[in-house]
Structure formats: C-alpha cells, structure tokens
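One structure is given below, encoded as structure tokens.
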Amino acid sequence: MDIISQLQEQVNTVAALAFNTFGTLQRDAPPVRLSANYPEPAAKSSEDAINVAEQPKAMSAALVQAAKQFDVLVTALPLAEGGEEEQLKRIAELEAENEAVGQELQKQLEYAGIKAGPGAV
C-alpha cells in the first residue's frame, strides 16, 4: 500500500476512534440536574462508575496512539523537490501554460462561431 493510502486509512482510523470516544463519553456521562424544576437524576451503580472511569482512558490512549502513527506516516512522506522557490516557479509556469491553452481554446471557439466569456455556457 502506498504512503498516501496509508495516510488516508490512518485518518479514517483516527476519525472512527474519535467518533466512538465522543459517543461513549456522551452515553456514559453521569446525569446532571439541569434546574431545580427537574427531579434529581438517578445515580448509577458503583460498578458502572468504575467501568465508565476506565473506558475513556483506554479509548483516549488508542486515539493518541493512532495520532502518533499518523505523525510517523507524515514524516515518511518525501520532501518536496527544490524547496518553496522552485515550487513557486513551477506554479508560475503552469499558470502561464494554462493561460496560453485558454487563449487557444478561445480562438478555436471564436473560429467555430461560439461566443465564450463570463456567463457563457
């Protein structure tokens, strides 16, 4: 599997872990009384409280491990060739090429009798 596919797979893993962690925290959060107008919420058993306290720790550890693995994959990416100056030069070349092709297309459209411009289809 190439590095980009591995990165995408790791992003999906991090997203799934985050989704499950947040859902578990939401599901298992202790009830809280919203105002004096509502009755006192029922307390959970102490055994449930122990499990609820440990599960987020394990899920958080898995999330951190997945994020670290993502960082490892990112550092394995090859560096950009030539640095920023070379990249900007290449972008300028591509923009000039795009402009030339656009002008040629415009000439061909005019030759074919089709007006092209803003709002033209």
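Quick notes on this one:
- Folded to 0 to 90 degrees: helix 83-111 orientation relative to the chain principal axis, Cα: 60
- Computed from Cα positions, the angle between helix 3-28 and the longest principal axis of the chain comes to roughly 30 degrees.
- Gain in span if fully extended, Ala58 to Lys89, counting 0.36 nm per residue against the direct Cα distance: 6.3 nm
- Carbon + sulfur, % of accessible area of the range 1-115 - ligands and nucleic acids excluded, 1.4 Å: 59
- Rg in Å to one decimal, and Dmax rounded to a whole Å, for the chain via C-alpha atoms: 28.2, 82
- Mean sequence separation of contacting Cα pairs (under 8 Å, at least six apart), scaled by the length of the chain, corresponds to a relative contact order of 30 percent.
- 0 to 90° range, to nearest 10: angle between helix 46-75 axis and the chain longest Cα axis: 20
- Accessible area expressed per residue, the chain, with surrounding protein chains retained (probe 1.4 Å, Å²): 83
- When you filter the trypsin sites (Lys or Arg not before Pro) in the range 1-98 for DSSP loop state and at most 16 other Cβ atoms inside 10 Å of their Cβ, you are left with Arg33, Lys44.
- For the chain, built as a Gaussian network whose Cα springs stay under 10 Å, the top-fluctuating residue of Ala15, Ala66, Ala42: Ala42
The values are calculated or read from the model by the stated rules, or taken from the named source; none is laboratory data. The structure presented is a predicted model; accordingly, all values stated were derived computationally and were not measured. Using ideal geometry, Cβ is built from the backbone for each residue, glycine included, and neighbour counts are taken over all protein chains shown. Quick note on the areas: whole protein, heavy atoms, side chains included, nothing else; ligands and nucleic acids left out. Shrake-Rupley method; radii C 1.70, N 1.55, O 1.52, S 1.80 Å.
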